1. Per-residue counts of other Cβ atoms within 10 Å, averaged by peptide: what ranking do you get for 59-68, 74-83, highest first?
2. Modelled label-to-label distance, Ile80 and Asp51, 7 Å Cα→beta-carbon offset: nm?
3. In whole percent, what relative contact order does the range 6-102 give with Cα contacts below 8 Å and a gap of six or more residues?
4. Placing unit charges on C-beta atoms (Lys and Arg positive, Asp and Glu negative, everything else neutral), compute the dipole magnitude of the chain about its Cα centre in debye, rounded to 20.
5. In nm, what is the difference between 0.36 nm times the number of residues separating Glu62 and Asn9 and their Cα-Cα distance?
6. Determine the equivalent ellipsoid of the chain by diagonalising the alpha-carbon gyration tensor, then write out the semi-axes as square roots of 5 times the eigenvalues, largest first, rounded to whole Å.
7. Among Lys2, Lys53, which comes first, then next, by fewest other beta-carbon atoms within 10 Å?
8. Kindly express, to the nearest 10 degrees and within the range 0 to 90, the angle between helix 33-50's C-alpha long axis and the longest C-alpha principal axis of the chain.
Amino acid sequence: MKYNLDQWNYSVYAINYSFVQCVKYRRKALHSQKIMYSLKSKISDISKTFDVKFLNVGCYIEYFHMIFTSKPTLDIPKYIPTVKTIFSRELRRNFHDVKTMLW
C-alpha cells in the first residue's frame, strides 16, 4: 500500500479524517444539486482558512460526508463545529424550503 505522506517541521505524516453529518431527524432535506454545490463551496472556503485539504465531499438526501487531510496541529474541536455552523446558517438563509422542513 502506498501512502501520500506530507512533511512539516521535521515530521512526516499522513492524517486522513472522515466526517459524517446526518440531517436532523434523518429528514430528506439535502435533495437538490444547488445544496450540494453550496456545501462544497462553503467547505472549500472554510478549509482554506484552517489549512485543510478536503479530498472528497458527498452529499446525499439524509446526510453528507467528507474526507479531509490536515496537519497534526489542526484543532478538530474547532474545525468541525465551524463547518456545521456555517453550513447550517447558509442552508437557512438560502434555501427556505429546507428551513421550513427542519426548523
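1. On the way: 59-68: 16.2, 74-83: 13.3.
Final packing ranking: 59-68, 74-83.
2. Distance between the two pseudo-spin positions: 2.2 nm.
3. Computed over the range 6-102, the figure is 33 percent.
4. Once rounded to the nearest 20, the dipole reads 400 debye.
5. Numbers: separation 53, 0.36 × 53 = 19.08 nm, distance 4.03 nm.
My answer for the length gained is 15.0 nm.
6. Ellipsoid semi-axes (Å, largest first): 29, 14, 11.
7. Result, fewest neighbours first: Lys2, Lys53.
8. That works out to roughly 40 degrees.
Coordinate-derived values only; no laboratory data. A quick note: this is a predicted structure, and the numbers were derived from the prediction, not measured. Cβ coordinates were reconstructed from backbone atoms using ideal geometry, including for glycine residues, and neighbour counts include every protein chain displayed.
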